[in-house]
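Asker: My questions all concern the structure below.
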């Protein structure tokens with residue numbers, strides 16, 4: 001299957017000399033949900049802006065559904081829906097007019113039934129005749145999503161869609177994203193919310209300082225980079241680890257009440273049984289044992305931190 005979006009050696013250097021993107025290459029498959037994680041200034045918005053035709057790349061190529069974003073601008077833009085971070089809407093326009101006007105901009109014939117369905121999906125049907133200035137911030141965010149969907153795009157970009165919205169709207173957006181994917185829409189979102197990526201994405205990309213550090217299936221990424229920790233709570237606190245346990249990769253808590261053993265759960269031999277026996281042989285009494293699986297957030301933070309320390 002050919003990718004719906006193909007990015008090859010994409011770079012962007014602004015007039016100030018700041019290099020926002022550095023040789024980014026990425027293929028996005030039809031119907032997948034890709035989450036791009038990265039801190040502020042990482043290059044996420046620049047990447048989206050280039051694909052959507054808002055920013056001109058310094059080098060590299062991007063195709064959408066086989067069309068080049070620069071040579072075939074009209075073809076690519078008509079296939080893309082964009083929900084930006086900023087709430088930029090005409091104050092005196094009404095919701096219904098905003099949606100129908102946006103659809104017309106892309107040369108789509110009127111389709112009141114489709115517009116109604118989108119408004120209902122976004123819980124905006126009751127607000128269809130309301131002026132945008134009368135809506136709350138969360139409602140305006142829904143209208144932005146509706147505008148992006150008005151022309152029935154094949155690819156939908158969501159730039160920080162959960163920024164500044166309440167939990168209820170976030171859950172509704174996640175449900176809508178899954179319905180869109182079921183209808184064949186490809187979705188790329190940038191987010192600071194790690195739980196958002198874990199909840200809805202098929203693949204996760206980590207971008208930092210303009211570089212795409214990794215892109216992989218969510219579960220594969222956690223399998224490759226995730227570690228598990230065995231937290232051993234002791235009956236009696238320790239000042240230091242006994243000499244017989246010094247060879248083990250153990251971390252003693254400041255209180256001396258816990259020891260943490262980090263291991264790879266995918267290895268055939270984790271040596272947990274040997275460790276517990278060694279603790280008992282050292283005369284220590286175990287009060288409790290718990291395991292902790294590395295989260296996607298910890299993987300992300302460690303990757304970004306590691307890359308920063310190596311530069």
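Asker: Is it the case that some residue within the stretch 151-159 is on the phi < 0 side of the Ramachandran plot, out of contact with any strand residue (DSSP E or B) (no Cβ under 8 Å at 6 or more places or on another chain) and either assigned by TED's automatic domain parsing to the domain that holds residue 32 or crowded, with 19+ Cβ neighbours inside 10 Å (or both)? Steps first, answer last, please.
Answerer: Filtering the stretch 151-159 down to residues on the phi < 0 side of the Ramachandran plot leaves 151, 153-159.
When the remaining residues are screened for being out of contact with any strand residue (DSSP E or B) (no Cβ under 8 Å at 6 or more places or on another chain), the result is none.
There is no residue in the stretch 151-159 that is on the phi < 0 side of the Ramachandran plot, out of contact with any strand residue (DSSP E or B) (no Cβ under 8 Å at 6 or more places or on another chain) and either assigned by TED's automatic domain parsing to the domain that holds residue 32 or crowded, with 19+ Cβ neighbours inside 10 Å (or both).
Asker: Oh, and also: In the stretch 31-65, how many residues are at pLDDT 90 or above, touching a helix residue (DSSP H, G or I) at 6+ places or on another chain (Cβ under 9 Å) and either surrounded by fewer than 16 Cβ atoms within 10 Å (Cβ to Cβ) or part of a loop (DSSP other than H, G, I, E, B) (or both)?
Answerer: Adding up the residues that qualify gives 9.
Asker: Answer with yes or no whether residue 275 is more than 38 Å from the chain's Cα centre (by Cα), farther than 30 Å from residue 39 by Cβ and either assigned to a loop (DSSP other than H, G, I, E, B) or at pLDDT 90 or above (or both).
Answerer: When the stated conditions are applied, residue 275 does not pass them.
Asker: Next question, about the same structure. Would you check if residue 120 is more than 27 Å from residue 53 (Cβ to Cβ) and in the same structural domain as residue 54 (by TED's automatic domain parsing)? Can you show your working first?
Answerer: Values: more than 27 Å from residue 53 (Cβ to Cβ): yes; in the same structural domain as residue 54 (by TED's automatic domain parsing): yes.
Answer is yes for this residue.
Asker: In addition: In the stretch 180-202, is there at least one residue being surrounded by fewer than 15 Cβ atoms within 10 Å (Cβ to Cβ), in the same structural domain as residue 51 (by TED's automatic domain parsing), modelled with pLDDT of 85 or more and outside any loop (DSSP other than H, G, I, E, B)?
Answerer: Checked against the condition, which is being surrounded by fewer than 15 Cβ atoms within 10 Å (Cβ to Cβ), in the same structural domain as residue 51 (by TED's automatic domain parsing), modelled with pLDDT of 85 or more and outside any loop (DSSP other than H, G, I, E, B), the stretch 180-202 yields at least one hit.
Asker: Moving on. Which residues, counting only those in the stretch 70-83, are surrounded by 23 or more Cβ atoms within 10 Å (Cβ to Cβ) and closer than 15 Å to residue 3 by Cβ?
Answerer: Result: 76, 80.
Asker: Filter the stretch 4-30 down to the residues that are under 21 Å from residue 177 (Cα atoms), touching a residue at least 40 places away in the same chain (Cβ under 8 Å) and in contact with a strand residue (DSSP E or B) (Cβ under 6 Å, 6 or more places away or on another chain), then identify the one that is surrounded by the most Cβ atoms within 10 Å (Cβ to Cβ). Write out each step before concluding.
Answerer: First, the residues of the stretch 4-30 that are under 21 Å from residue 177 (Cα atoms): 4-5, 27-30.
Okay, now just the ones that are also touching a residue at least 40 places away in the same chain (Cβ under 8 Å), so 4-5, 28-30.
Cutting the leftovers down to in contact with a strand residue (DSSP E or B) (Cβ under 6 Å, 6 or more places away or on another chain) gives us 4-5, 28, 30.
Working: 4: 22, 5: 25, 28: 22, 30: 15.
Only one residue fits best here, namely 5.
Asker: Also, quick follow-up: Among the candidates 103, 74, single out the residue that is in a helix (DSSP H, G or I) and either closer than 27 Å to residue 174 by Cβ or outside the structural domain of residue 19 (by TED's automatic domain parsing) (or both).
Answerer: Values: 74 fails: either closer than 27 Å to residue 174 by Cβ or outside the structural domain of residue 19 (by TED's automatic domain parsing) (or both).
Only one candidate qualifies: 103.
Asker: Against the condition farther than 19 Å from residue 188 by Cα and surrounded by fewer than 17 Cβ atoms within 10 Å (Cβ to Cβ), how does residue 112 come out, does it pass?
Answerer: Numbers: farther than 19 Å from residue 188 by Cα: yes; surrounded by fewer than 17 Cβ atoms within 10 Å (Cβ to Cβ): yes.
Against the criterion (farther than 19 Å from residue 188 by Cα and surrounded by fewer than 17 Cβ atoms within 10 Å (Cβ to Cβ)), residue 112 qualifies.
Asker: May I pose another question? Which one of 64, 83 is over 25 Å from residue 128 (Cβ atoms), under 23 Å from the mean Cα position of the chain (by Cα) and in the same structural domain as residue 128 (by TED's automatic domain parsing)?
Answerer: Numbers: 83 fails: over 25 Å from residue 128 (Cβ atoms).
The conditions single out 64.
The values are calculated or read from the model by the stated rules, or taken from the named source; none is laboratory data. None of these values were measured; they are calculated from a predicted model. Heads up, the Cβs are rebuilt from the backbone with ideal geometry, glycines too, and the neighbour counts pull from every protein chain shown.
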